[in-house]
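The values are calculated or read from the model by the stated rules, or taken from the named source; none is laboratory data. Just so we're clear, the structure is a prediction, and the values are computed from it rather than from any experiment. Here Cβ is always computed from backbone atoms with ideal geometry, including for glycine, and neighbour counts include all displayed protein chains.
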Amino acid sequence: MAVFVTFVILVRVFSILIFIVMVLVQTPVSQLFKITELIEHYAEHRNLDEHMSFSDFLAMHYSHSDVQYPDHERDMQLPFKQYNCSSLVFTFSQPAAFALTDKTFFARSEEGLTLYWSPFHSSELLANIWQPPKA
């Protein structure tokens, strides 16, 4: 029983580690590590213009993407300015096990094929239900 409990704990720990790695790699959470670049760049702009607020700084760098300032290369080091698109897909599939049998899908009759349906067309199978009881 103790081996099973240890195995379950190891599976949980491994699953959590895989989840953390995938979140850090596949989502822009890694961009948050560049926050220090954002603060340093704001300090540089603040030294040039003492009246610049942080919201003005963000508007200048994130809302006016068509304007390229002289420090464009430095601006591209800020968080969420460049996107890294990578994809990692795991698929696990089990082949379906089934056997094909030789079945007839359409019954052929000697009388021919009726291409219409009529409510007045009698069927021998249905007619046997409505027979009076026999003694």
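A few remarks follow.
- Checklist (1) surrounded by fewer than 10 Cβ atoms within 10 Å (Cβ to Cβ); (2) modelled with pLDDT of 90 or more; (3) part of a helix (DSSP H, G or I) applied to residue 73, failing item: (2)
- Long-range neighbours under 7 Å by Cβ, at least six apart or interchain, first residue closer than 12 Å to residue 83 by Cα within segment 24-36, second outside any helix (DSSP H, G or I) and not hydroxyl-bearing (Ser, Thr, Tyr): 26/88; 28/80; 31/79; 31/80
- Hits in segment 22-70 - residues which are exposed (fewer than 14 other Cβ atoms within 10 Å of the Cβ) and not in a helix (DSSP H, G or I): 27, 49, 50, 51, 53, 64, 65, 66, 67, 68, 69, 70
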